Amino acid sequence: MTLTPDSHVPPASAPAVPADLTFRTVDLRGQRLTLAGLRAAVPRAQPGTMADAEEKVQGIITAVRTRGFAALSELALAFDGVEQTHPRVPAEALHAALAGLDPAVRAALEESIRRARRFADAQRPADTDVELGDGAVVSQHWVPVARVGLYVPGGLAVYPSSVIMNVVPALAAGVESIALASPPQKDFAGLPHPTILAAACLLGIEEVYAIGGAQAIAAFAYGIPATGGTAGIDPVDVVTGPGNIFVATAKRLVKGVVGIDSEAGTTEIAILADAAAQPALVAADLISQAEHDPKAASVLFTDSEELAAAVRGELDRQAAATKHSARVREALSGPQSGVVLVDDLEQGIAACDAYAAEHLEIMTADAAGVAARIRNAGAIFVGDYSPVSLGDYCAGSNHVLPTSGTAAFSSGLNVTTFLRAIQVINYSRSALEQVSGHIVSLAGAEDLPAHGEAVTARFLTGA
C-alpha cells in the first residue's frame with residue numbers, strides 16, 4: 001500500500017496529464033532473454049529520479065543532525081506550511097482523536113488490528129538450543145530491539161492502516177519503546193491527521209511526532225538533543241514504514257546507523273493473468289494502486305493479446321469513472337506502467353521474478369500452483385478473491401513491502417524486523433578440549449597462531 005507523496009515534499013510543476021489514457025506495451029514474445037535482459041525490459045520509472053532525491057535528502061539529514069529542532073521547525077514551515085515549537089503530539093490530542101473517531105472506522109481498525117495480531121503472534125521464531133557434545137551447547141535466542149521509530153506517510157491520502165502495519169509486529173516482537181511520526185497537517189492545527197492519531201491511541205502508542213518525510217527518518221536515526229528545557233528525541237535502533245521516494249532514499253542513507261525494514265517507496269502492482277482472467281477485475285486492481293500516486297506502477301503480465309485488449313478497454317472505462325481519475329490516468333500512462341506480453345506462463349513467471357513486484361496478483365488457471373512457483377515478490381495475492389486491497393487493510397498480512405525490484409532480496413515488514421538473533425556459546429573444559437586440536441590447526445592455516453594459543457593456554461599446568 002505504499003505510498004502517496006507526503007505533504008512535506010516541496011511542490012513541483014505537475015506534468016501534463018495525458019488527454020487519453022495510454023497503457024504502453026512491452027512485447028517479450030519470441031525473445032530468449034537473460035535475467036539481466038528481463039530486468040531491463042520490464043516497465044520501470046525513468047532513471048535519475050532517485051539520484052535527484054538523494055542530493056535533497058542528504059541536505060535534509062545534515063540539517064537535522066546539526067541543527068536539531070531548529071531544522072525541524074524550518075522544514076515543517078517550508079514543506080507543510082506549519083509553525084512548530086515542538087513536534088511532540090500532546091496526549092490529550094491522541095485521546096481526543098480516538099474519542100471523535102467514526103464508529104464504523106473504529107470497528108474496521110479494530111478488526112484489522114485483530115487479524116494483524118494473530119498473524120504477527122504466529123511469526124515469532126522459537127529459541128534454539130543445540131547440544132553438539134557432552135558439555136557443548138550452542139543456542140540462538142531472539143531478542144527484541146530496544147527502541148523503534150515508525151513512519152506513517154501523509155499527503156494525498158490518510159493511512160491509519162499503516163499505523164497498524166508498523167505497530168502490531170513491533171508489539172508482537174516485544175519492543176518496549178515505540179515512537180511514531182507522521183507529517184503535520186495545516187488543516188489540523190499542525191498535527192498529523194486525526195485518524196492517524198486515533199489509530200495510534202487505539203494501539204497504546206503515546207510517543208507521536210508531527211514530523212514528515214526525510215526529516216522524520218533523520219530525527220529517528222540520529223536523535224534530537226534536548227535544548228533549553230525542551231525534551232529531546234532519543235535515537236532508535238530500527239526505522240520502519242512506507243513513504244515516497246524521499247522517505248525511501250532517507251532510509252537507504254541512514255541504513256547502517258540504524259536498521260531499516262526495506263526501501264518501501266512508491267507503490268506498485270503486477271498481475272500475472274491468462275485468458276481465463278476477468279478483464280474488469282484485472283483493471284480494477286491495476287487502478288486501485290494507481291490511485292495512490294501519479295508515479296505508482298501498474299503492470300500486467302499476460303500471454304493473451306485478447307485479455308490485454310479487454311483490460312485496456314476496462315481501464316479507459318473505469319479510470320474515467322473513479323474519483324481520482326487524473327492521478328490514475330497519469331500513473332497508468334507513465335513509463336512505470338503497462339502490459340508485458342509473454343509467450344507463455346513460463347516466460348510470465350520468469351518476467352515476474354525479474355520484476356520482483358511489491359504486490360503480485362495471480363489470476364490464472366491453477367493460481368495457487370502458479371503462486372507457489374514465484375520466487376520474488378513482497379506479497380502474493382492468489383485468485384480472484386484476494387485483491388491487493390485486502391492486503392492493504394484486513395487480510396492480516398502486512399502492507400509495508402519492498403518496492404523497485406528490492407523484493408528480490410528484501411522481505412516485507414514482519415515480527416523478525418524488530419528481533420535480533422543472538423548466539424550463545426557455552427562449552428565446558430572437556431568439550432573445549434575435544435576440539436582444541438582442530439582449533440590450533442585452523443588457526444595455523446590462517447596464520448593466526450594467537451587464536452590457537454588462546455585455547456591451549458586453558459590446558460597448561462595450573463591453568
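Every number here is computed from the coordinates shown, using simple stated rules; none is lab data. Note that the structure is predicted; figures quoted are calculated from it, not measured. Heads up, the Cβs are rebuilt from the backbone with ideal geometry, glycines too, and the neighbour counts pull from every protein chain shown.
Data table
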| quantity | calculated |
| --- | --- |
| Per-selection Kirkwood Rh - segment 166-321 (Cα, Å, 1 d.p.) | 18.4 |
| Between segment 416-460 and segment 221-273, the alpha-carbon center distance in angstrom | 38 |
| Longest site-free stretch - the chain; sites: GluC sites (Glu not before Pro), DSSP loop, at most 15 other Cβ within 10 Å | 207-445 |
| Of Val339, Ala450, Ile217, farthest towards positive along the dipole that unit charges on Lys, Arg, Asp, Glu beta carbons give the chain | Ile217 |
| For segment 119-127, Karplus couplings with θ = phi - 60° (6.51, -1.76, 1.60), whole Hz, Gly/Pro x | 5, 5, 4, 6, 7, 5, x, 7, 5 |
| Backbone HN-Hα couplings from phi across segment 36-42 [Karplus 6.51/-1.76/1.60, Hz, Gly and Pro as x] | 4, x, 5, 5, 6, 8, 5 |
| Net charge over other residues, Cβ less than 12 angstrom from the Cβ of Asp392 (K, R count +1; D, E count -1) | -3 |
| Sequence of Ser436, Ser386 once ranked by neighbouring C-beta atoms within 10 Å, starting from the fewest | Ser436, Ser386 |
| Distance histogram for segment 171-235 (every C-alpha pair counted, 10 angstrom bins, percent rounded to whole numbers) | 19, 46, 33, 2 |
| Share, in percent, of DSSP beta bridges within the chain that are antiparallel, nearest 5 | 30 |
| Nearest 10 degrees, 0 to 90: helix 345-355 Cα axis against the chain principal axis | 70 |
| Helix 429-445 axis, angle to the chain major axis (alpha carbon atoms, nearest 10°) | 70 |
| Over the chain, relative contact order from alpha-carbon pairs under 8 Å, at least 6 apart, % | 22 |
| Sequence of Arg88, Arg375 once ranked by neighbouring C-beta atoms within 10 Å, starting from the fewest | Arg375, Arg88 |
| Semi-axis lengths, Å, the chain, gyration tensor of Cα atoms, sqrt of 5 times eigenvalues | 41, 32, 21 |
| Exposure proxy ranking, count of Cβ atoms within 10 Å, fewest first, for Tyr159, Tyr427 | Tyr427, Tyr159 |
